[in-house]
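Visitor: Supplied in structure tokens, the structure appears directly below.
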Amino acid sequence: MVNPVLLIAVPLGLAFSIPLFGFISRRIEKYIPVAGMLFNLVLSIILVPKVLQSPIVISIGGFRPPFCINLVAGTVGVFLSVVIAAMGFLVSIYSLSYIKEGATEKYHMLFLLLLTGATGVVLTGDIFNLFVFYEILCISSYALVAYPGSREGIEAGVKYLIQGALGSSLVLIAIALIYGQFGTLNMADIARNISSIHSMNIFLPFVLLIGGLGIEAAIFPLNAWLPDAHSSAPSSISAILSGIAIKIGVYAIARMVFTVFGISDTFLFLVTLGLITLLVGELSAFKQQNIKRMLAYSSIGQIGLIVFALGIATPGGVAGGLFQILSHALSKGLLFLAVGYMIYRTGSMEISSLAGMGKRMPFTSLAFTVGAFSLVGLPPFIGFSSKFMVIKAAMAKGSAIFVVLAALVLFAAIIEGAYFFRVVQIIYFKKSDNALKREEAPPTAIIPIAILVTLIIVIGIYPNFLIGLLNSAGSEFLNRVQYIRGVLG
Amino acid sequence: MTFLVDHIYYIGCFGLILIGMYIILAKSNLIKVIIGLSILDTGVNLLLIAIGYINGGTAPIFSRPGIEANGMVDPVPQALVLTAIVIGVAVLALALSLAIRLYRHYGTLNLRKIKGQKW
Amino acid sequence: MRKFLAIVLLLILAVGIAQSIGKIPFGTSKTKVGRYYIDNGVEETGATNIVTSVVVNYRGFDTLGEVTVLFVAALGLGAVLALKKKKQENDELERASLVLTSGCKFLFPFILLFGSYIFIHGHLTPGGGFQGGAVIASAFLLIYLGCRERKINENGAKAIESLSGLLFVVIGLIGLAVGGYFLLNYLPKGIPNTLFSAGIIPIIYIAIGFKVGAELTGIIDNLMEAED
């Protein structure tokens, strides 16, 4: 009996027990997140074929759905939990030797809890439960951004915390107003009753929810915290924040728009917002001299692309958005992990100081190049297939405005290409003054980087085995009626 | 006027919420901003409680047999507020610890003067 | 300028709020989920305090998350303040007067007793694990303020925190193994309004009480040591 609740309960239990393992031996502690995420990865992959037949609805505590919290492990939820567990597993291996300073035991616990919170958000079917897991995700990210204790880290942590806490309060106000009108917190139950209420009455909760969740998702006017937070955090955490955390915000927004509220008038607004975010992010990334800030702004751009794809609101578009989530998680995770040791070796985050890296760290530089090309969208990497899917869905929409928008997306990809090629060129061709000695990253970094490179190339060449899953996830995400029937019977 | 009388509790809650937001947006001292967050949290918690209230209601506890169930207030917002308070405390504690560290690095809590990182 | 912008923004929000609060009538009974809990709560969970039955049983998963949030905050606080621990050892603290120290020591066990009463009786009377835990932490705060040379046993606090958190998860998992539902109330419900009733609810609340007490004490401990 495989139960999706184990995806949350087991890592939570492991995180609680890390201090107990620490009493036995301080050296076991850091392997616990690896074990927890491996467990989640295996379990969610086992769940995939089951949820493709029908979504699994689990009630907690054994009561009937609207009266208890329920988990809905549909294709979307399980797909995202596979992504979370895979990234978490690889980054936790990377952290084994990357994290040496500070309270390492606390780092590993926070890391595991962050990913558990993310898994909880994608699986839950209750709006307040979503808020609680979302808070676990946010609070552990605030702490992990500030973890290095440097000037920049603390400053970024403070900015992130204030904006994030404001956002969570907005979400909570929205939940209060929703409860006041519907008397229930179950998402399916709200969705069933929402058409009986005049649309003016749900406008304020809707705006507050989108605004509050949009802060964590870093959608355009709300993204001021992201470049600081993602560039000041340890590189392993940047990989998780860019690869997982902001996508969880986007998922939550999409769940609210598609399932709970089901307002189709907002789709064009989402598309526009996504496009603005994309252009702002890419143009800001173009100016950066600091490599991690450049990657952080590029994440804003990619989030814009994901929002754009989800806003198309056809099964193909949503599938493209989910594919883009996977592709960005893998590519940006790879870039941050590779850059982490480059910065560690040079001691500087300036792009110009990466000169000569191609000889000094050949494998890491190659991995960086693969990640960059994949992010730009060159074949045969995964980024090409996912961007192609998004553009195809936008074109299939048929109307002239979508053709223009798709052209703008391509324009953004060109900007992206320009700044990534500049970095790659510096890494390989710019002469460096330092003596060039080979100093490759340690094996705990090489292994996850190699796995990511393999995944990016393999999925890029054979995307077909994922397409079926993604299409089924896309149509499931848009199908409110089926969701409501699945939960409430 | 009847609107005011009927909704005086809601108006009070949203008043607190707006005051908290104003402090967060307009003040530059980090401690004041944290106080603003705390006021905002209080406003949201009161709003939840006010939504669950019914006129002349009692606490939803069957402390002795034969107690009237009809007059009980809604228990769900109270449970939610318990969660929301704990989350508020958690954020507040973390914010204060960050403020301590920020002061140690910069020697000031004025957010306008702390500009280590620019756009 | 910034203040002006803030006021404009908040005025827009206030107009939106005024539009929407008129639609939620105040003081009338309107919730179906809440009604169900009041009508069936005692029968289904055995707890006479319906808020407790909602917190621990119907919405127990939220509470697990909530405990985790507090855990995360305590961890984050410890991690952020961690680097500063070493120097403070040789600080000379002026000892408080005998009246103050003995008063604190005298009150300490009573506050602990009161806190434990609150969380053990969480399913019968107002209160519960979080409230009891906060009261217990206040006892430690009193000792910190009154007898400044006293220190808590950090490893002990850490062990209590971990064990009680683990207990919560394990109780839930046993429910999954026994009845197929996480956090199922599988123990006998007993007679309502007696101490030994309501199945797993008191056990979970005791675990939460210990955990919250240990965590808040840890937070106080970290903040006290961090002061310059």
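Computed from the coordinates by the stated procedures, all read-outs in this text should not be read as laboratory data. Given the structure is predicted, the values throughout are model-derived calculations rather than measurements. Neighbour counts run over all protein chains shown; Cβ positions are idealised from the backbone, glycine included.
Visitor: Which whole-number percentage describes the relative contact order of chain A, with Cα contacts under 8 Å and a sequence gap of 6 or more?
Guide: Reported relative contact order: 16 percent.
Visitor: Just check segment C:2-225 against the gyration tensor rule for me: Cα atoms, a ≥ b ≥ c as the square roots of the eigenvalues, rounded for a/c under 1.5, and otherwise prolate or oblate depending on whether a/b exceeds b/c.
Guide: oblate
Visitor: Here's something else I'd like to know. Not counting the cut sites, what is the longest span of chain C without chymotrypsin sites (Phe, Trp or Tyr not before Pro) that DSSP labels loop and that have at most 16 other Cβ atoms within 10 Å?
Guide: C:1-185
Visitor: How big, on average over all directions, is the shadow cast by the Cα convex hull of the protein assembly as shown, in nm²?
Guide: 35.5 nm²
Visitor: Just to be sure I understand the model, the point goes 7 Å from the Cα along the line to the Cβ. What's the resulting B:ASN110 to C:TYR117 distance in nm?
Guide: 5.1 nm
Visitor: Going by Cα centres, segment B:8-75 and segment A:35-87 are how many Å apart?
Guide: 34 Å
Visitor: FRET efficiency for C:ALA14 and A:PHE269, Cβ-Cβ distance as r, R0 = 25 Å, nearest 0.05?
Guide: FRET efficiency, C:ALA14 to A:PHE269: 0.60.
Visitor: Looking at the square roots a ≥ b ≥ c of the eigenvalues of the Cα gyration tensor of chain B, which shape do they give, rounded for a/c under 1.5, prolate if a/b is larger than b/c, or oblate?
Guide: oblate
Visitor: Expressed as a rounded percentage, what relative contact order does segment A:32-139 have, with Cα pairs under 8 Å and six or more residues apart?
Guide: 31 percent
Visitor: Helix A:315-346 versus the longest principal axis of chain A: what is the Cα-based angle in degrees, 0 to 90, to the nearest 10?
Guide: 30 degrees
Visitor: A further question on this structure: Relative to the longest principal Cα axis of chain A, at what angle does helix A:464-478 sit, 0 to 90 degrees, rounded to 10?
Guide: 40 degrees
Visitor: In whole Å, largest first, what are the principal axis extents of the Cα atoms in segment C:154-223?
Guide: Extents along the principal axes: 42, 28, 15 Å.
Visitor: GNM, chain B, Cα, under 10 Å: largest mean-square fluctuation among B:ASN29, B:ASN45, B:ASN55?
Guide: Maximum fluctuation in the GNM of chain B, among the listed residues, is at B:ASN55.
Visitor: Would you order A:LEU283, B:LEU82, C:LEU195 from fewest to most other beta-carbon atoms within 10 Å of each residue's own beta-carbon?
Guide: Final ranking by Cβ density, sparse to dense: C:LEU195, A:LEU283, B:LEU82.
Visitor: Can you give the mean number of other chain Cβ atoms that lie within 10 Å of the Cβ atoms in peptide A:119-127? If you can, show how the numbers build up before the last one.
Guide: Values: counts 0, 4, 0, 0, 0, 3, 0, 3, 0.
Counting Cβ atoms of other protein chains within 10 Å of each residue's Cβ and averaging gives 1.
Visitor: Here's a follow-up. State whether segment A:363-489 is rounded, prolate or oblate according to the following rule on the C-alpha gyration tensor (a ≥ b ≥ c being the square roots of its eigenvalues): a/c under 1.5 gives rounded; otherwise a/b larger than b/c gives prolate, and the remaining case gives oblate.
Guide: Verdict is oblate for segment A:363-489.
Visitor: Ignoring GluC sites (Glu not before Pro) that are buried or in helix or strand per DSSP, and keeping those with at most 15 other beta carbon atoms within 10 Å, what is the longest stretch of chain A between them?
Guide: Numbers: sites that count: A:GLU101, A:GLU439, A:GLU440.
After excluding every exposed loop site, the longest remaining stretch is A:102-438.
Visitor: Suppose we flag trypsin sites (Lys or Arg not before Pro) only when DSSP calls them loop and at most 11 other Cβ atoms lie within 10 Å. Which is the longest uninterrupted stretch of chain B?
Guide: Details: sites that count: B:ARG112, B:LYS113, B:LYS115, B:LYS118.
By the stated rule (loop sites, at most 11 other Cβ atoms within 10 Å), B:1-111.
Visitor: Right, another one. Once both axes come from the Cα atoms, what is the angle between helix B:30-52 and the longest principal axis of chain B, in degrees from 0 to 90, rounded to 10?
Guide: Helix B:30-52 and the main axis of chain B meet at about 10 degrees.
Visitor: Where Lys and Arg each count +1 and Asp and Glu each count -1, what net charge lies around A:ARG360 among other residues with Cβ under 10 Å from its Cβ?
Guide: Details: positive: A:ARG345, A:LYS359, A:LYS437, A:ARG438; negative: A:GLU439, A:GLU440.
So the surrounding residues net to +2.
Visitor: Which of the chymotrypsin sites (Phe, Trp or Tyr not before Pro) across segment B:53-103 are loop residues per DSSP, with 13 or fewer other Cβ within 10 Å? All intermediate terms of the calculation are to be shown ahead of the outcome.
Guide: Working: sites: B:TYR53, B:PHE62, B:TYR103; in loops: B:TYR53, B:PHE62.
Loop-located and lightly packed - none at all.
Visitor: As I understand it, the dipole of the protein assembly as shown uses +1 on the Cβ of Lys and Arg and -1 on the Cβ of Asp and Glu, about the Cα centre. Which of A:ALA85, A:ILE237, C:LEU64 lies farthest toward its positive end?
Guide: The residue sitting farthest along the positive end of the dipole is A:ILE237.
Visitor: Further question on the same structure: Thinking of chain A as a set of Cα atoms, what percent of all their pairs are more than 46 Å apart?
Guide: Value for chain A: 6 percent of Cα pairs lie more than 46 Å apart.
Visitor: Okay, next question. Which Cα, out of A:ILE276, A:TYR31, C:ILE219, lies furthest along the positive dipole direction of the protein assembly as shown (beta carbon charges, K/R +1, D/E -1)?
Guide: Comparing the listed Cα positions along the dipole, A:ILE276 ranks first.
Visitor: If you add up the charges near A:GLY301, with Lys and Arg at +1 and Asp and Glu at -1, over every other residue whose beta carbon is less than 11 angstrom from its beta carbon, what do you get?
Guide: Within the 11 Å Cβ shell, the charges total -1.
Visitor: Tell me the mean residue ellipticity at 222 nm calculated for chain B from its helices only (DSSP H runs of n ≥ 4, each -39500 (n - 2.57), averaged over every residue, nearest 500).
Guide: Working: 4 runs with 79 residues, N = 119.
Calculated from helices alone, the mean residue ellipticity at 222 nm is -23000 deg cm²/dmol.
Visitor: May I pose another question? Taking K and R as +1 and D and E as -1, what net charge do the other residues with C-beta under 14 Å from the C-beta of B:LYS32 add up to? Walk me through the numbers on the way to the answer.
Guide: Details: positive: B:LYS27, B:ARG112, C:ARG2, C:LYS3; negative: none.
For residues surrounding B:LYS32, the net value is +4.
Visitor: Note down the magnitude of the dipole of segment A:6-488 about its Cα centre, charges +1 on Lys and Arg C-beta and -1 on Asp and Glu C-beta and zero elsewhere, to the nearest 20 debye.
Guide: Once rounded to the nearest 20, the dipole reads 740 debye.
Visitor: Also, I was wondering about something else. Just how large is the dipole of segment C:2-225 about the Cα centre, in debye to the nearest 20, putting +1 at every Lys and Arg Cβ and -1 at every Asp and Glu Cβ?
Guide: 540 debye
Visitor: Just the projected area, averaged over all directions, of the convex hull on the alpha carbon atoms of segment A:23-77: how many nm²?
Guide: Value for segment A:23-77: 5.8 nm².
Visitor: Under 28 Å Cα-Cα from A:LYS106, which lysines qualify once same-chain neighbours fewer than 8 residues away are excluded?
Guide: A:LYS30, A:LYS159, A:LYS247, A:LYS292, A:LYS332, C:LYS84, C:LYS85, C:LYS86, C:LYS87, C:LYS151, C:LYS158, C:LYS211
Visitor: Run lengths n ≥ 4 of DSSP H only: what is the helix-derived mean residue ellipticity at 222 nm for chain A, with -39500 (n - 2.57) per run over all residues, to the nearest 500?
Guide: Value at 222 nm, helices only: -25000 deg cm²/dmol.
Visitor: Given an 8 Å cut-off on Cα distances and at least 6 residues of separation, report the relative contact order of segment C:2-225 as a percent.
Guide: Once normalised by length, the contact order is 26 percent.
Visitor: Name the residue, out of B:VAL86, B:VAL73, B:VAL44, whose mean-square fluctuation peaks in a Gaussian network model built on chain B with Cα pairs under 10 Å.
Guide: Result: B:VAL86 has the largest fluctuation of those listed.
Visitor: Filter the DSSP H helices in chain C by two things, a Kyte-Doolittle mean of at least 0.5 and an axial alpha-carbon span of 20 angstrom or more, and list the hits by number.
Guide: On the way: long enough: C:2-21 (28 Å, 2.02); C:60-81 (32 Å, 1.67); C:98-120 (34 Å, 1.88); C:129-146 (25 Å, 1.58); C:154-179 (38 Å, 1.36); C:201-226 (37 Å, 1.18).
Qualifying helices, which must be both long enough and hydrophobic enough, are C:2-21, C:60-81, C:98-120, C:129-146, C:154-179, C:201-226.
Visitor: Ok, one more. Starting with the fewest neighbours, write out C:LYS158, A:LYS359 ranked by other beta-carbon atoms found within 10 Å of each beta-carbon.
Guide: By the 10 Å Cβ count, ascending: A:LYS359, C:LYS158.
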